[in-house]
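Peer 1: Got a structure for you, questions after.
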Amino acid sequence: MSVLAVLDPAVAVAHTVVAAIAHVLPTAAAIVLFTVAVRLALHPLARAAARGEKARAVLAPKVAELRKQHEKRPEKLQEALAEMYRKEQVSPFAGCLPLLVQIPFFSVMYRLFTTPNDLLDHTLFGVPLGLHVGGAHGAGQLAVFGVLYAGLAAVGFVNFRRARRAAATAAAAQPTPQPGAGLLPYLSFGSVLFALLVPVAAALYLLTTSAWSAAERAWLYRDGTPAPVAALAV
């Protein structure tokens, strides 16, 4: 049994829910609504991740000072960091676990919208939801793909600008650049490239969840605390 096959029971449940909504709304609208519902259900995890990241951001100057003090004594550094996190009651992995918990949910959504099923036989403005851009014919079908890609590019640009600002803030606080840090903001456009490989339904899901993520991060970090560059870049 493949790893993805383990998700089949959850995919079946998701399919049933989307199909039920599609009896009332167009299937494309059902996909958007279901995606929003899932992201709304996962919002508490995103809030927990943001709280963890903010706690780590507050401690960042202390971490930098400890690294400077114990630069040549890694064992002493680890002890000092552990003691600081214990006193501050903050986990060094704060914010990571909630993000990891979300991965299975997103995997289910991806499998639902890329595995052949009856939902993909429906259309969005005349374009089958299971159609890939390589199979598009005529200006009308290409226009639908173009709008989806343009939407993803717009969201990617918003994330790119935020990631650039966050990277500049991080660089100011930690002059020693991290390997590959300069490339992270450009990953904001990865969803556009990925959308080229998936059918309309999955691209519609990507656009919906990406727009939600951008709005969610803007809300959670509205106090001015920089969001993690890696999180903004996806």
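Taken together, the values in this text are just the output of simple stated rules run on the coordinates, not laboratory data. Given the structure is predicted, the values throughout are model-derived calculations rather than measurements. Every residue, glycine among them, receives a Cβ derived from its backbone with ideal geometry; neighbour counts consider all protein chains shown.
Peer 1: Contact order normalised by length for the chain, with contacts defined as Cα pairs under 8 Å and 6 or more residues apart; what percent is it?
Peer 2: Once normalised by length, the contact order is 26 percent.
Peer 1: Regarding the stretch 39-143, what are the three Cα extents along the principal axes, ordered largest first, in Å?
Peer 2: Extents along the principal axes: 65, 28, 20 Å.
Peer 1: If you don't mind, another one. If packing is taken as the mean number of other Cβ atoms within 10 Å per residue, what is the order of 131-140, 190-199, 8-17, highest first?
Peer 2: Averaged packing, sorted descending, gives the order 190-199, 8-17, 131-140.
Peer 1: With viscosity set to 1.567 mPa s and temperature to 4 °C, compute the Stokes-Einstein D of the stretch 1-70, Rh being the Kirkwood radius across alpha carbon pairs; µm²/s, no decimals.
Peer 2: Answer, rounded: 82 µm²/s.
Peer 1: So, one more: Run the helix sum for the chain: -39,500 (n - 2.57) per DSSP H stretch of 4+ residues, divided by residue count, reported at 222 nm to the nearest 500 deg cm²/dmol.
Peer 2: It comes out at -23000 deg cm²/dmol, rounded to the nearest 500.
Peer 1: Count the lysine pairs in the stretch 4-232 whose Cα atoms sit under 21 Å apart, keeping only pairs 8 or more residues apart in sequence or on different chains.
Peer 2: Lysine pair count for the stretch 4-232: 8.
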